[in-house]
Each structure stands twice: as C-alpha cells, then as structure tokens.
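Take a look at the structure set out below.
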Amino acid sequence: MLTVYRKNLKKYWVLGISFPIVIVIFIPFIGSLWPELSEQMASFQELLKSPIYRVMLGDLVDLSTWQGMYFMYIFMLLEWVMIFATIFIPARMIASEMDNNTLDVMLSYPVPRWQYALEKFSVYLTYNLLYPILILVTTFLTNELMVNMGWLLAEEAVDLTLVVYAGIGSWLLFFALGSLSYLCGMLFLESNKAMAFSGLIILGQYMMERFGGIVESINFLQDFSIFHYLNASAINHSGKLPIADVLIVASVGILATAGAIFVFQKRELA
Amino acid sequence: MSKIDSDQVLQVSEITKIYGRSFLSSIAGKTLSRRVVGAEDVSFLVKKGEIFGFLGPNGAGKTTTIRCILDYLKMQSGKISIFGLDHHLDALEIRKRIGYIPGDLALFKNFTGNELIDFYNAFRPVDPVFLKELRSMFRVDLSLKIKALSSGNRQQVGIILALAAKPDFLILDEPTSGLDPLMTANFHRILKNLKKEGHTIFLSSHDLAEVQSVCDRVGIIRDGRMILIEDIEDLRSKFVQHISIKFDTSNVPEISDFPKNSSIISVDQIKKTVFNLTISEDVNSFLQWLRSYQIARITIEDASLEEIFLQYYE
C-alpha cells in the first residue's frame, strides 16, 4: 500500500525538508531585527511607490508594521523558492526516471502507471505541506518571543489566522504550478526539455503578473497568471481567504494533474 | 505462484512498429519526420516450458519487439497475447506473472540491493526459498547501494530482482552483458533449472554461444523482420567456423592436399605455412586429416551472426 509514495518520501527527505527550513529560519531572523528596522521601514515605505519596487515586490506591501514586513519578506522568499522548486522538481520526477531508464524495470511490475505517477506527485505535495506548517509554528513562536522580549505589543503580533490563509494559498500555488510543471515532464519525458518548458510557463506567468501590474495597457495579462491569485500580500491586505481564487487555482492544479497522469498513462515509453 | 494454463505463453502476430510517425503527422496524413522501421510483420510464438532465443545484431529490432510485448511501445498493427491475455488490456494481470531484465538495465542508485528487493516485493512477492538460492549463486553484496556497485554487479542485482518471484515467464534482454564467465554459467544453470520446472523464458541476445548453450528454439530478426525461426539443433548445423592454422615448416600441405570434404567451405593460403579455412560445424573428419601434420599454432573462431545471416541470403 502506497509503496511508491513511501519509497519516494524516503528518497527525497533531505530536499523536501531543506527548503522549508531555510525559509522559516528567516522568521526569527527578521523578528530579531524588527526593533531596529521599524523606523527605517516606515521611511522606506515611501520608496515602494517606485515602479521598480512594485515590479519586484508587488503593490500591496506595507512595511511600516511588523505584520506587513513579515508578509512581504517571508512570502516573497517563499514565492522565489516556489518558482525555483516548481520549475525543477515536478518536471523531473518522471522525466529523470525516463532519462535514467529506471522506469523500464519499475513498470514491468504490476503497478498502474496512473497510480505510480499520482503517488510520486503526492510526495511533492506532502513536502510542500511543510511550508505552511513550519511557517505557522515558527511565526507563533517568534510572536511569543518578541512580545515577551518587549519588542512588540501583543496587538502588533502577526495574525496567525492570516498566516493560515496565506499558507493555504501558498500550498495551492505550489500545487497548481507544480502540476503544470509535472504536465511538462509527462509531455516531454526528457528532463532538460521538460524543465525548459516548465520554466518558460512559470516564469512567463510571473512576468505577466508583475509587469501586468504596472503597465495599464497589459493589465489584462494578470488574469492569466496563477501568481495573480492567492497572493499573500493581498490576503494580508484584505484579511480573508478569497474563495474564488482558491477555486481557480485548485481547478488549474486538478486539471493539470489529471492531464499529466492521462498523458503518462496513454503515451509510449520510447 | 499462478498456474500456467496454456501451451502458448507468448503469441506475437504480425506486429509492426514504425518510429517517427507522430500524432501531428498522422493528422496531416503524411510523414513529417524520418520513418524508421523498428519491427515489421513480426510473428512468432513461445511455448510453455521452452527457452526461446531471440537473436539479431544491434538495431535489428530485438528491443523494439520486447518493448511492444511489454506494452511500452504502441504498435501500428498486430496483436500480442501473453498467457492468452491481451498484452495491453490485461497488462497488469500479465505483469504479476512475468520477470523482465532490460537491455540497458538501470536501478535506483540510492537504494541497496536488499532495499530494492523489499521495494519490488510489494508488487510481485518473492519466493523466499528461491531468493536464498539466488543469493548464494550470485556474489553481489546486496547490502551495498547500487551506485557503489560495478556494472556487472548491478546486472546481478537486476537478475536477482527479475527472478526472485520465480515468475511464470521471463523476458530477458541481453541479461548476461557485463557478467563474468562464472556468473554467466551460474545464470545459465538457473535458466535451465527454471525450464525444467516448467517456466518459460524469452532470451534476447546477440551472443550465439549463449543462445546455443541454453535455448531450445531461436528466432532471428534483421532489419525489423523475422527471417528465421528454427530449433537450435537445426541451426547449429548451419554454423560455420573460421580456422587459422600455422603448420610446422617441416611438413606443409599444398592447398590441393586439403580434403575435398563438404564441411570445408573455403581454404586460403595466407603465407607459406599459414592457412585460413571456413568450415561447417562438423570438423571431425578435418581434424582426423590434420593429425598427419605438425601444427605450430591453431585458432578456431565461431562465425559471426552476420555470416549466419548471409548464409540465409545466399
């Protein structure tokens, strides 16, 4: 039962936990800097009106509060990790097995291809769950520490409900972008081509979101970018989890995953 | 282990696989890329309890045919049934009963041999008694990671994995490549024992000696076409050998002195004392004649597979 899943969970554990750990280390780090940074950040807020910063950081950033700075730094970092991880990891999951010929032996055993593909992708989704979980736990601990140290008033602490919402959003983005990357892997069944194509799609969407946000005439491009939905800064700004965005991103993820599995089930392994 | 319920374990009927016919070219109704024939109208059957040798030079279509049998490749036409089941529709049921060693064997490098056995055991349970026997016959250390093993030892792990479940039908694509002679002999012994127990083996190889030593019947494929299916004993009589003889200078025969025996196909004098002969399998009468001369050196080589093919075209 779930043999492929368990095997791959074991195989990828170092890679799976290292990225989330790198991100959560930043939470106490920027928390420790907050007492000194708070005044500087308030003045830095003016600079964020520059189009260059808006391209880099989005236009909903508020650095004048601990929560605003927290959301900007942590979720921007998470977004960059997400871009890197989704381009390289899902695209290679099956394609690299094809490159290495290990699929030949594996698929001679009585395991349906769809099940094999689904169990492998589930490993990626499982490790991505570590991001929201570890971020939530570390944020809670950092909040407590900062209030106890007197660096923060209790009412200035990060709203953990919003962290949960942003975590759900991030995980769904990992899912949708990863599914698109996985689909590229299944279409090409060759690591280099799959990564190149998934990079094109994912970075293309990132550019559409960022540049669509500052140039009025191409504003419509944002609607076609997954990065436009479930944005952590927007969740922080609105204070709620946008259900419509959840449905859009989840739908993209489900359709792309189903497409990837269908392609793998039907195609030949030449 | 499930019971084999048919005399024909594998039936391949007129399969054709052509590479380079893409989905787009099918829509366009024309060939957009270069077509390469992998297999064309290939038909044969493998009977229960036999070892069927599948011979052919590199690129002849052996691996293509095997990948069609395993449902890795989609054929343009033809039908394949294994244990009387459709190779595509009943693929999962079939895979419970087969073992496979690919020609270009690759295993998960970060796993040990033991971990791989445990992993694959979940899909096709191993026969613990036979596994113990295999462990003793092969000398590979299964506690080492695959990446730490030599290619020959990896091949041994691949053999153990394919055989451990004692499957009804084994599909082996160049299984002894990289094995030393001792391990090869052990492997051949295992195959013969499995055959005695009623297991069926499909052995693809370009090694004539291997096919000669273990197979009951042989099929020869060339340029994607099956050009011969024959009992191994019948094929053996068609083999030729190349003999190079250096006579002692004291007593050197003339070409005309060589016996006019039907087993000698040709005689060439290379130097005054050196002769090259092509001779059929029956060399006894020639060796009898040779006893009246002093020999300085003699080498005997099997004919290449290509030469056997040429025999069929002549």
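Only the coordinates and a few stated rules stand behind these numbers; no lab work does. Model, not experiment: these values are computed from the prediction. Counting neighbours? That spans all protein chains shown, and the Cβs are built from the backbone with ideal geometry, glycine included.
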Cα-centred dipole magnitude for the protein assembly as shown, charges only on beta-carbon of K, R (+1) and D, E (-1), debye, nearest 20
860 debye
For the protein assembly as shown, what does the helix formula give at 222 nm: sum of -39500 (n - 2.57) over DSSP H segments with n ≥ 4, over the residue count, nearest 500 deg cm²/dmol?
-17000 deg cm²/dmol
Can you work out the FRET efficiency for the pair residue A:125 and residue A:22, with r the C-beta to C-beta distance and R0 = 22 Å, to the nearest 0.05?
0.70
Sum of side-chain charges, residue A:190 neighbourhood, beta-carbon under 13 Å (Lys, Arg +1; Asp, Glu -1):
+1
Treating only the Cβ atoms of Lys and Arg (+1) and Asp and Glu (-1) as charged, compute the dipole magnitude of segment B:8-236 about its Cα centre; round to the nearest 20 debye.
560 debye
Rg to Rh for the protein assembly as shown: what is it, with Cα atoms only and Rh by Kirkwood?
1.15
So for the pair residue B:271, residue B:77, with labels modelled 7 Å out along Cα→Cβ, what separation do we get in nm?
5.7 nm
Check each of the trypsin sites (Lys or Arg not before Pro) in segment B:247-297 and keep only those in coil by DSSP with at most 12 other C-beta atoms within 10 angstrom; list them in order.
B:260, B:271, B:272, B:291
Where does the charge balance sit around residue B:46 when Lys and Arg score +1, Asp and Glu -1, over other residues with C-beta under 13 Å from its C-beta?
0
By DSSP, what percent of the beta bridges with both residues in the protein assembly as shown are antiparallel, rounded to the nearest 5?
70 percent
I'd like the trypsin sites (Lys or Arg not before Pro) in segment A:105-193 restricted to DSSP loop residues with at most 12 other Cβ atoms within 10 Å, sorted by number.
none
For residue B:227, project a label point 7 Å along Cα to C-beta. Then give me every residue of segment B:260-300 with its amide nitrogen under 16 Å of that point.
none
Just checking the output field for A:107-119: average partner chain Cβ neighbours within 10 Å of each residue's Cβ?
5
Local charge sum around residue B:15 (other residues, Cβ-Cβ under 10 Å, Lys/Arg +1, Asp/Glu -1)?
-1
Using the Cα centre of segment B:111-192 as the reference point, and only Cβ charges (+1 on K/R, -1 on D/E), how large is the resulting charge dipole? Debye, rounded to the nearest 20.
140 debye
Protection-proxy order for peptides B:129-135, B:13-19, each taking the mean of Cβ atoms within 10 Å per residue, highest first
B:13-19, B:129-135
Just tell me how shielded B:100-109 is by partners: mean number of partner chain Cβ atoms within 10 Å of each residue's Cβ, no decimals.
5
Find the relative contact order for segment A:1-116 and round it to a whole percent, using C-alpha pairs within less than 8 Å whose residues are 6+ positions apart.
21 percent
What is the angle, in °, between the Cα long axis of helix A:113-148 and the longest principal axis of the Cα atoms in chain A? Nearest 10 is fine, range 0 to 90.
20 degrees
Spin-label model distance (nm) - residue A:2 vs residue A:251, 7 Å beyond Cα toward Cβ
3.0 nm
Stretch residue A:266-residue A:62 to full length: gain in nm at 0.36 nm per residue minus the Cα-Cα span?
68.5 nm
Greater than 28 Å separation of Cα atoms is the criterion. Which listed pairs, A:11/A:193; A:120/B:192; A:7/A:193; B:96/B:195, meet it?
A:120/B:192
Which percent, to the nearest 5, of DSSP beta bridges fully inside chain B are antiparallel?
70 percent
Average partner chain C-beta neighbours within 10 Å, per residue of B:166-172?
0
Could I have the simple spin-label model distance between residue B:85 and residue B:182, label points 7 Å from Cα toward Cβ, reported in nm to one decimal?
4.0 nm
Rounded to a whole number of µm²/s, how large is the Stokes-Einstein D of segment B:8-236 at 4 °C and 1.567 mPa s, given Rh as the Kirkwood radius over C-alpha pairs?
71 µm²/s
Between residue B:143 and residue B:36, what FRET efficiency follows from the Cβ-Cβ distance if R0 is 41 Å, with the result rounded to 0.05?
0.45
Chain B, relative contact order in percent, only Cα pairs under 8 angstrom and at least six apart counted
20 percent
What list of ³J(HN,Hα) values in whole Hz, one per residue of segment A:150-158 in order, does the Karplus curve 6.51 cos²θ - 1.76 cosθ + 1.60 (θ = phi - 60°) give from phi, with Gly and Pro shown as x?
x, 7, 8, 7, 4, 6, 8, 5, 5
